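Please read the structure below before turning to the comments.
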Amino acid sequence: MIAVIDYDAGNLKSVEKALLSLGEQVAVTRERRLLLKADKVILPGVGHFGNAMKKLEAYGLTEVICELADRKKPFLGICLGLQLLFERSAEAPGVPGLGLLKGEICRIPEGPGLKIPHIGWNSLSLKNKGRLFEGMEEEPYVYFVHSYYLKAEEEGIVKAVTEYGVQIHASVEQDNLFACQFHPEKSSRTGLKILKNFVKLEV
């Protein structure tokens, strides 16, 4: 069973629908018991970093997420879900993230011809043999919606990058923690392949 963490995030239904299309059993929940019982857990997200951290705290989910990490449960953060795994974000100064991975979330800089938020399809440059991208073409196209981007402290955890006025760390993996800045659930067959790779992972 795949658990999708329910903290009132905007893309819960699309993530659930994508997983169901792969034939997976899905529970959208914030219950500690179900989250710990699940084979794998996904933290989706669309919205504001500070508000999301408040929601996670209010629902008692920060401790559960840290426990899932300690138990080496395969865990996938999507979009804002990626950002929350890190230490801090320029979107909410002074609000600590979960801190499970080292790095910071920065504002995409203004630039000629660049619209912010970054919305639409962009290609990835794969690196460091990411397990989410196993069996995929060299420069897959995926769908982004974001105004802030990850700058990971450790280059070794970065498995995909993209360019949008600046180099964006678009996907990371460390031990049982996996995360994508883009939306695999909205990235057509490429995204479904990424989700399928996550579903079949053994950590």
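For the stretch 138-152: of the residues being of a type outside the set (Ser, Thr, Tyr) and part of a loop (DSSP other than H, G, I, E, B), which is most open to solvent (accessible area, probe 1.4 Å)?
So the residue we want is Glu138.
How many residues are within 20 Å of Leu61 (Cα to Cα), touching a residue at least 12 places away in the same chain (Cβ under 8 Å) and open to solvent by 40 Å² or more (accessible area, probe 1.4 Å) when one looks only at the stretch 84-97?
4
Among the residues of the stretch 98-121, what is the count of those that are among the aliphatic types (A, V, I, L, M), farther than 18 Å from Asn51 by Cα and either surrounded by 13 or more Cβ atoms within 10 Å (Cβ to Cβ) or under 15 Å from the mean Cα position of the chain (by Cα) (or both)?
The number of residues fulfilling the criteria is 4.
Which one is surrounded by the fewest Cβ atoms within 10 Å (Cβ to Cβ), of the residues in the stretch 153-165 that are outside any helix (DSSP H, G or I) and β-branched (Val, Ile, Thr)?
So, considering only residues that are outside any helix (DSSP H, G or I) and β-branched (Val, Ile, Thr), the one surrounded by the fewest Cβ atoms within 10 Å (Cβ to Cβ) is Val161.
Could you count how many residues in the stretch 150-171 are under 13 Å from the mean Cα position of the chain (by Cα) and more than 11 Å from Phe182 (Cβ to Cβ)?
Residues meeting the conditions: 4.
Here are the criteria: (1) on the phi > 0 side of the Ramachandran plot; (2) crowded, with 23+ Cβ neighbours inside 10 Å; (3) not basic (Lys, Arg). Tell me which single one Leu43 does not satisfy.
Looking at each condition in turn, Leu43 falls short on (1).
If Ile116 satisfies all but one of (1) of a type outside the set (Lys, Arg); (2) over 25 Å from Leu61 (Cβ atoms); (3) touching a helix residue (DSSP H, G or I) at 6+ places or on another chain (Cβ under 7 Å), what's the number of the condition it fails?
(3)
Considering each residue of the stretch 166-197, count those that are part of a helix (DSSP H, G or I) and either among the aliphatic types (A, V, I, L, M) or crowded, with 18+ Cβ neighbours inside 10 Å (or both), and give that number.
Adding up the residues that qualify gives 11.
Could you list, in sequence order, all residues of the stretch 142-178 that are in contact (Cβ under 8 Å) with a residue 40 or more places away in the chain, under 17 Å from Lys129 (Cα atoms), out of contact with any Asp or Glu (no Cβ under 8 Å at 6 or more places or on another chain) and of a type outside the set (S, T, N, Q)?
Those that are in contact (Cβ under 8 Å) with a residue 40 or more places away in the chain, under 17 Å from Lys129 (Cα atoms), out of contact with any Asp or Glu (no Cβ under 8 Å at 6 or more places or on another chain) and of a type outside the set (S, T, N, Q): Ala152, Glu154, His169, Ala170, Val172, Glu173, Asp175, Leu177, Phe178.
Give the residues of the stretch 56-76 that are open to solvent by 80 Å² or more (accessible area, probe 1.4 Å) and closer than 23 Å to Pro184 by Cβ, sorted by residue number.
Lys72
Please identify the pairs in which a residue from the stretch 13-24 that is on the phi < 0 side of the Ramachandran plot has its Cβ atom under 7 Å from the Cβ atom of a residue that is at pLDDT below 95 and not acidic (Asp, Glu), counting only partners at least 6 apart or on another chain.
Listed by first residue and then by second, the contacts come to nothing, as the list is empty.
Would you check if Gly135 is modelled with pLDDT under 95, assigned to a loop (DSSP other than H, G, I, E, B), surrounded by fewer than 12 Cβ atoms within 10 Å (Cβ to Cβ) and not aromatic (Phe, Trp, Tyr)?
Yes: the conditions hold for Gly135.
The values are calculated or read from the model by the stated rules, or taken from the named source; none is laboratory data. None of these values were measured; they are calculated from a predicted model. Here Cβ is always computed from backbone atoms with ideal geometry, including for glycine, and neighbour counts include all displayed protein chains. Side chains included, ligands, DNA and RNA excluded: accessible areas come from the protein's heavy atoms. Shrake-Rupley method; radii C 1.70, N 1.55, O 1.52, S 1.80 Å.
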